[in-house]
1. Tell me, please, whether a residue that is within 29 Å of residue B:138 (Cβ to Cβ), open to solvent by 20 Å² or more (accessible area, probe 1.4 Å), touching a residue at least 60 places away in the same chain (Cβ under 8 Å) and hydrophobic (A, V, I, L, M, F, W, C) can be found in the range B:42-64.
2. Got at least one residue in the range A:170-183 being surrounded by fewer than 23 Cβ atoms within 10 Å (Cβ to Cβ) and closer than 30 Å to residue B:120 by Cβ?
3. Among the residues of the range A:191-227, how many are of a type in the set (Ser, Thr, Tyr) and over 15 Å from residue A:172 (Cα atoms)?
4. Residues that are under 22 Å from the mean Cα position of the chain (by Cα), at least 1 per element: which helices (runs of 4 or more DSSP H) completely within the range B:13-112 meet that?
5. Just to verify a result, which residue in the range A:187-224, among those that are touching a helix residue (DSSP H, G or I) at 6+ places or on another chain (Cβ under 7 Å) and assigned to a helix (DSSP H, G or I), is nearest to the other protein chains (Cβ to nearest Cβ)?
6. Determine if the range B:17-35 includes at least one residue that is acidic (Asp, Glu), away from ligand 1 (no atom under 16 Å from the Cβ) and crowded, with 22+ Cβ neighbours inside 10 Å.
7. Which numbered condition in (1) buried (at least 18 other Cβ atoms within 10 Å of the Cβ); (2) within 14 Å of chain B (Cβ to nearest Cβ); (3) of a type outside the set (A, V, I, L, M); (4) assigned to a helix (DSSP H, G or I) is the only one that residue A:162 fails?
8. If residue A:231 meets every condition in (1) open to solvent by 10 Å² or more (accessible area, probe 1.4 Å); (2) in a helix (DSSP H, G or I) apart from one, which number is that one?
Protein chains: 2
Amino acid sequence: MALSGNPVLASWRDGAAKVAILDFVARVTDAGHADYVPPADRIAVFDNDGTLWAEQPLPVQAFFVLDRIRALAPQHPEWRDEQPFKAVLDGDTAGIMALGMDGLVALVMATHAGMTTEAFADLVGDWIATARHARFDRPYTDLVYQPMLDVLALLRANDFKSFIISGGGVEFMRSFSEAAYGIPAEQVIGSSIVTNYIVEDGTPMLVRAAELHHYNDKEGKPVAINRHIGRRPIAAFGNSDGDFAMLEWVTSGPGARLGVLVHHDDAAREYAYDRDAGLARLVRGLDEGPARGWTIASIAKDWARVFPF
Amino acid sequence: MALSGNPVLASWRDGAAKVAILDFVARVTDAGHADYVPPADRIAVFDNDGTLWAEQPLPVQAFFVLDRIRALAPQHPEWRDEQPFKAVLDGDTAGIMALGMDGLVALVMATHAGMTTEAFADLVGDWIATARHARFDRPYTDLVYQPMLDVLALLRANDFKSFIISGGGVEFMRSFSEAAYGIPAEQVIGSSIVTNYIVEDGTPMLVRAAELHHYNDKEGKPVAINRHIGRRPIAAFGNSDGDFAMLEWVTSGPGARLGVLVHHDDAAREYAYDRDAGLARLVRGLDEGPARGWTIASIAKDWARVFPF
Ligand SMILES: [Ca+2]
Ligand SMILES: [Ca+2]
């Protein structure tokens with residue numbers, strides 16, 4: 001699948017959001033403009049879930065976790081009576097959620113650790129090639145947002161380097177980021193677990209351990225941007241308060257800055273959620289974003305198309 | 001200063017090392033060859049101290065630390081009687097070394113933490129613009145190796161992406177990596193300290209804390225390569241056993257691989273050190289490298305020039 005974007009933002013409706021993006025790019029790439037930014041400093045950062053692709057009814061990585069638990073269950077008979085595994089095997093979504101962050105972490109570790117990085121990449125690659133989104137009956141990688149592919153194409157055509165900065169697992173995302181978005185592995189920053197370098201019978205390997213290394217949400221996003229990229233981006237795209245610090249950091253820098261929040265307000269074509277959306281809630285961004293000069297992109301009003309299909 | 005390399009390796013003498021590098025690049029870029037590698041996977045990694053620039057009599061970052069301690073001493077009268085600071089202020093190099101790793105870490109934290117990332121970058125930038133290497137009476141950034149600038153130019157001309165993978169501080173190196181090597185900040189991986197995102201009076205900042213986050217040496221190198229780049233490089237350059245795991249990881253992958261160790265055996269033009277060089281010692285690499293197919297590049301024999309001047 002070769003998904004492609006349109007650099008004139010063809011899938012955006014005319015309006016303030018489209019103008020804000022096009023105008024920003026025009027200014028920072030015009031050598032005669034006061035806002036000109038040399039190509040090397042044209043760094044843009046994107047949240048992934050809910051910003052580049054759909055995250056409802058659950059983030060895609062959560063479906064991977066659930067499918068893996070079911071696939072591994074025959075080797076773990078004890079899971080039938082042990083939470084959080086029991087809830088998964090019983091199909092008890094409310095029960096999983098009731099177990100909170102500790103339960104989710106236990107599920108992630110049971111499915112993401114104890115194997116080499118290469119074995120994990122193979123697992124994810126096999127899964128994402130066949131798993132399908134229930135509502136749209138499509139591979140998850142079809143549920144990328146065409147307007148955001150357009151933005152990525154616009155930025156690429158203007159010598160920007162775009163990075164994903166997501167709370168999702170970095171090695172999970174890297175298995176599809178190049179194919180889905182044209183973003184290479186080294187431009188994907190996410191949450192990570194501890195990985196150990198081990199040599200066994202002369203063969204070196206990187207083995208994933210059941211221990212969190214970095215949780216890439218909220219204040220963790222600007223910290224990881226600095227650690228990994230080493231300079232402050234000039235444009236940031238997000239969709240929840242988990243992106244607030246990232247947009248704050250990016251748009252507080254000197255010179256021209258672009259901050260965009262995707263607002264999910266289109267239950268007919270995608271989903272509608274904001275203030276009460278749990279981990280994906282958008283409250284501070286809606287309340288404070290406009291006064292900070294951030295653009296709120298309404299899916300209902302600003303996007304002529306949502307998905308590539 | 002615009003240092004430039006020569007993509008035909010003009011500053012390398014004819015010999016096995018030069019042939020190994022040129023031959024590797026020719027094979028992986030020849031679409032008709034069995035060893036062909038598509039451009040996206042042409043990732044090369046370089047140690048910094050002793051591989052890209054001189055690290056004797058001490059690594060450059062150590063001179064920065066010593067100069068900073070002396071500059072800060074008037075604000076810290078207690079340092080006159082307190083180790084490891086006393087040893088620095090007394091010019092007692094043997095005394096500093098006798099304090100071991102704990103002493104060095106205390107010096108690093110006293111000079112690298114407690115400020116914003118931007119303030120630190122300014123400090124390093126100001127220092128490196130004026131500090132000079134005692135023996136060569138040149139700015140440290142002149143002490144980059146011309147043959148390695150040639151290798152970087154060769155790789156750039158052949159669509160490789162080159163990364164620095166160093167035990168040095170990542171934010172220290174980023175202040176000169178672009179100017180000295182043409183390697184942008186986001187392609188520099190190093191040791192790092194914890195950085196916290198703080199908003200003060202509405203102004204967000206990243207503040208460097210006196211706590212180690214990642215020590216990028218030995219097994220830490222392949223771990224950081226995987227975390228940051230997300231794929232296994234096909235070429236690696238180092239100069240000490242701190243690079244052994246990195247070269248092992250890189251050259252164990254399938255397909256064509258290049259591992260190169262710079263051997264410091266030229267006291268007349270640079271320095272001569274290997275098996276007894278403390279943190280920079282090269283023992284396993286010399287003993288096992290050749291059987292692993294690694295190239296040992298002798299400064300005395302393989303380099304027609306050492307420095308750009
Ligand atoms: Ca999100
Ligand atoms: Ca070194």
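The values are calculated or read from the model by the stated rules, or taken from the named source; none is laboratory data. Model, not experiment: these values are computed from the prediction. Note that each Cβ is placed from the backbone with ideal geometry, even for glycine, and that neighbours are counted across all protein chains shown. Ligands, DNA and RNA are stripped out before the accessible areas are found, and what is left, the full protein with its side chains, is counted by its heavy atoms. Shrake-Rupley method; radii C 1.70, N 1.55, O 1.52, S 1.80 Å.
1. The answer is yes; a qualifying residue exists.
2. No; the residues of the range A:170-183 include none that is surrounded by fewer than 23 Cβ atoms within 10 Å (Cβ to Cβ) and closer than 30 Å to residue B:120 by Cβ.
3. 2
4. Of the helices (runs of 4 or more DSSP H) lying wholly inside the range B:13-112, those with at least 1 residues that are under 22 Å from the mean Cα position of the chain (by Cα) span B:16-28, B:60-72, B:93-98, B:100-112.
5. A:222
6. no
7. (4)
8. With (1) open to solvent by 10 Å² or more (accessible area, probe 1.4 Å); (2) in a helix (DSSP H, G or I) applied to residue A:231, the lone miss is (2).
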